[in-house]
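Student: Submitted below is the structure of interest, expressed as structure tokens.
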Amino acid sequence: MKYRSTRGGVSGLTFSQAVMMGLASDGGLLVPESIPDVSARLADWQGLSYPELASQVMSPFVGDIDQTVFKNLVLTSYKNFQHPDVAPLVNVGGVQILELFHGPTLAFKDIALQFLGELFSHILTEQDKVLNILGATSGDTGSAAIAGVRGKPGIRIFIMFPDGRTSPIQERQMTTVLDDNVFNLSIDGSFDDCQNLLKTVFNDLSFKETYALGAVNSVNWARVLAQVVYYFWTWFQLKQPAEFDVAVPTGNFGNIFAGFIAKRMGLPLRKLVLATNENDILARFFQSGVYERGEVRFSNSPAMDIQVASNFERYLFYQLGENAIDCAAFMNRFQTEQCAELAQPEGFFDWFTADAVTDAETLKSIQGIWREFNYLADPHTAVGFHLAQKHRDPNVPMVCLATAHPAKFDDTVETAIPGVTNHHPSLDALLGLQTRKTAIKDDPEVLKDFIRARC
């Protein structure tokens, strides 16, 4: 399998090269040259454990890593998960909740970032190289990425986060990691500001090459690929229905784009319910075909407080018939004018049902799930559950992806359900620990100077 850019300036990359490049050097995102149809192999995968299934689903996209070595990388990636199924399915009021928060940092990002950490280590050892990871987080990506690479030789990680805009626990999960190879950078702004800094620095190709920059954000194809697996896992846990729907809380479009790839691979997934909060750029797009940036609104579901979805370009590439010229033109128009429109929104466009949830509805959803079903949900899962119920077809199984443990958002859960017990031992253990972070200006030159001084 080879990889190419959505903007046409990069092609012919191996899987390992795509992983190490992260963001394509032409400013686009890397995608496989083809998407394999695995529908004929589904029967052979029945009964596999999660790591075994992950190895099978991802293998067709790899190619340049020995199959036995790759399988061992995958098995190692999931050894620190707290549930034997890795991602169990729980029936909550007729909606099946896929719990993706049983990894080391209690967020769905662990599913991909534990794998990516092992992958980076393998590739760097094979090539005798070093890597400086630059990442931006709205909350969970940062701690999950740090957990995946902390202490690993040959890797430094620089994580930017919007100061005061993640939950206090999310910040502690990052800043209490004091390993010498970990650097947490607080930015006075929004996640979009952090993401713009990241892209600006990555687009300085000389700097990127000189300092061996790599990406852990969902711009890295390996992140998306690892997330594709749990859509297949869900179908097997549902006992292989003729079709099923999935409600996906999403801000950066990576979580739901993985479902899009799974459907392209032949999984009988009917509808993807795109669930977002008041930062509804994606919902508005799938309702109108217009992709228009607005002001970031800070909410109770902060991981979705995003107005520029970094993985949207991958979807757009396929929606535009894999035409890199048209894709680049659309993204350049959006970058210049903050607005771009699809001339004929049809085809893959119809695979999505998109909707937005207000802060008040989020709190009501947390409250209702607890009172009716005795199930505690974090605010992002509550957004997904609200729309899973709203758009549920009684004749088709509906799944909601649970993206984080509720204890990561104790203040919001407490607001919705005063007095509820909402703890996790690994989070309680962070209280009182020493923290370390550095505040830097929202300026790419300041960020580059910081990286230079530590490399």
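Student: Looking at the range 280-297, which of the residues that are in a loop (DSSP other than H, G, I, E, B) and without any contact (Cβ under 8 Å) to a residue 40 or more places away in the chain is surrounded by the fewest Cβ atoms within 10 Å (Cβ to Cβ)? Before the answer, list the steps.
Tutor: Narrowing the range 280-297 to residues in a loop (DSSP other than H, G, I, E, B): 280, 289, 293-297.
From the residues that got through so far, the ones that are without any contact (Cβ under 8 Å) to a residue 40 or more places away in the chain too are 294-295, 297.
Working: G294: 13, E295: 8, R297: 13.
For the range 280-297, the residue satisfying everything is E295.
Student: Looking only at the range 305-348, how many residues end up being open to solvent by 30 Å² or more (accessible area, probe 1.4 Å) and among the basic types (K, R)?
Tutor: Residues meeting the conditions: 1.
Student: Same structure again: Consider A136 carefully, then state whether it is open to solvent by 10 Å² or more (accessible area, probe 1.4 Å), out of contact with any Lys or Arg (no Cβ under 7 Å at 6 or more places or on another chain) and aliphatic (A, V, I, L, M).
Tutor: no
Student: A144 fails exactly one of the following numbered conditions: (1) in contact with an Asp or Glu (Cβ under 6 Å, 6 or more places away or on another chain); (2) among the aliphatic types (A, V, I, L, M); (3) open to solvent by 10 Å² or more (accessible area, probe 1.4 Å). What is the number of that condition?
Tutor: (3)
Student: Could you list, in sequence order, the residues of the range 1-40 that are under 17 Å from N311 (Cβ atoms), of a type in the set (S, T, N, Q) and touching a helix residue (DSSP H, G or I) at 6+ places or on another chain (Cβ under 6 Å)?
Tutor: Of everything in the range 1-40, just one residue is under 17 Å from N311 (Cβ atoms), of a type in the set (S, T, N, Q) and touching a helix residue (DSSP H, G or I) at 6+ places or on another chain (Cβ under 6 Å), namely T6.
Student: Now a separate question. When both residues are 6+ apart or on different chains and their Cβ atoms are under 8 Å apart, which pairs have a first residue that lies in the range 41-60 and is farther than 17 Å from P84 by Cβ, and a second that is crowded, with 20+ Cβ neighbours inside 10 Å and at pLDDT below 95?
Tutor: Correct list of pairs: empty, since none qualify.
Student: Which condition number in (1) surrounded by fewer than 24 Cβ atoms within 10 Å (Cβ to Cβ); (2) more than 17 Å from S186 (Cβ to Cβ) is the one that A112 fails?
Tutor: Only one criterion is unmet by A112, namely (1).
Student: What helices (runs of 4 or more DSSP H) completely inside the range 349-455 contain at least 3 residues that are open to solvent by 70 Å² or more (accessible area, probe 1.4 Å) and among the acidic types (D, E)?
Tutor: none
Student: Given the options F202, F232, name the one that is surrounded by fewer than 24 Cβ atoms within 10 Å (Cβ to Cβ), more than 26 Å from I97 (Cα to Cα) and either over 14 Å from the mean Cα position of the chain (by Cα) or in contact (Cβ under 8 Å) with a residue 24 or more places away in the chain (or both).
Tutor: F202
Student: Mind checking which residues of the range 18-73 are touching a Ser or Thr at 6+ places or on another chain (Cβ under 7 Å), surrounded by fewer than 16 Cβ atoms within 10 Å (Cβ to Cβ) and of a type in the set (A, V, I, L, M)?
Tutor: none
Student: Could you list, in sequence order, all residues of the range 211-229 that are assigned to a loop (DSSP other than H, G, I, E, B), of a type outside the set (G, A, S) and open to solvent by less than 30 Å² (accessible area, probe 1.4 Å)?
Tutor: Quick first cut of the range 211-229, residues assigned to a loop (DSSP other than H, G, I, E, B) only: 211-212, 216-220.
Add one more test, that the residue is of a type outside the set (G, A, S), and what stays is 211, 216-217, 219-220.
V216, N217, V219, N220 - these are the residues of the range 211-229 that are assigned to a loop (DSSP other than H, G, I, E, B), of a type outside the set (G, A, S) and open to solvent by less than 30 Å² (accessible area, probe 1.4 Å).
Student: I'm told M331 meets every condition in (1) in contact (Cβ under 8 Å) with a residue 40 or more places away in the chain; (2) under 25 Å from H102 (Cα atoms) except one. Can you identify the failing condition by its number?
Tutor: Every condition holds for M331 apart from (2).
Student: State yes or no: is N80 open to solvent by 20 Å² or more (accessible area, probe 1.4 Å), among the polar types (S, T, N, Q), without any contact (Cβ under 8 Å) to a residue 60 or more places away in the chain and part of a strand (DSSP E or B)?
Tutor: no
Student: Okay, next question. Which is more than 26 Å from S34 (Cα to Cα) and either open to solvent by less than 10 Å² (accessible area, probe 1.4 Å) or at pLDDT 95 or above (or both), of K239, K208, K263?
Tutor: After applying the criteria, what remains is K239.
Yes or no, residue by residue, for (1) under 25 Å from I440 (Cα atoms); (2) polar (S, T, N, Q); (3) part of a helix (DSSP H, G or I); (4) touching a helix residue (DSSP H, G or I) at 6+ places or on another chain (Cβ under 7 Å):
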{"residue": "I123", "(1), (2), (3), (4)": "no, no, yes, yes"}
{"residue": "E126", "(1), (2), (3), (4)": "no, no, yes, no"}
{"residue": "I133", "(1), (2), (3), (4)": "yes, no, no, yes"}
{"residue": "T141", "(1), (2), (3), (4)": "yes, yes, yes, yes"}
{"residue": "I159", "(1), (2), (3), (4)": "yes, no, no, yes"}
{"residue": "Q170", "(1), (2), (3), (4)": "yes, yes, yes, yes"}
{"residue": "G189", "(1), (2), (3), (4)": "yes, no, no, no"}
{"residue": "C194", "(1), (2), (3), (4)": "yes, no, yes, no"}
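Student: Right, another one. Could you tell me whether the range 147-165 includes any residue that is β-branched (V, I, T), at pLDDT below 90 and surrounded by 21 or more Cβ atoms within 10 Å (Cβ to Cβ)? Spell out the reasoning first.
Tutor: Going residue by residue through the range 147-165, those that are β-branched (V, I, T) are 149, 155, 157, 159.
Narrowing the set further to residues that are at pLDDT below 90 leaves none.
Looking for residues that are β-branched (V, I, T), at pLDDT below 90 and surrounded by 21 or more Cβ atoms within 10 Å (Cβ to Cβ), one finds none in the range 147-165, hence no.
Student: Going by what's in this entry, would G117 be described as surrounded by 21 or more Cβ atoms within 10 Å (Cβ to Cβ) and either of a type in the set (S, T, N, Q) or at pLDDT below 95 (or both)?
Tutor: In short, yes.
Student: With the checklist (1) more than 30 Å from Q96 (Cβ to Cβ); (2) at pLDDT below 95; (3) in contact with a Gly (Cβ under 9 Å, 6 or more places away or on another chain) in hand, flag the one item V308 doesn't pass.
Tutor: V308 satisfies every listed condition except (3).
The values are calculated or read from the model by the stated rules, or taken from the named source; none is laboratory data. None of the values given here were measured: they were computed from a predicted structure. Note: ideal-geometry Cβ built from the backbone for every residue, glycine included; neighbour counts use all protein chains shown. Please note that ligands, DNA and RNA were not included when accessible areas were found on the heavy atoms of the full protein model with its side chains. Shrake-Rupley method; radii C 1.70, N 1.55, O 1.52, S 1.80 Å.
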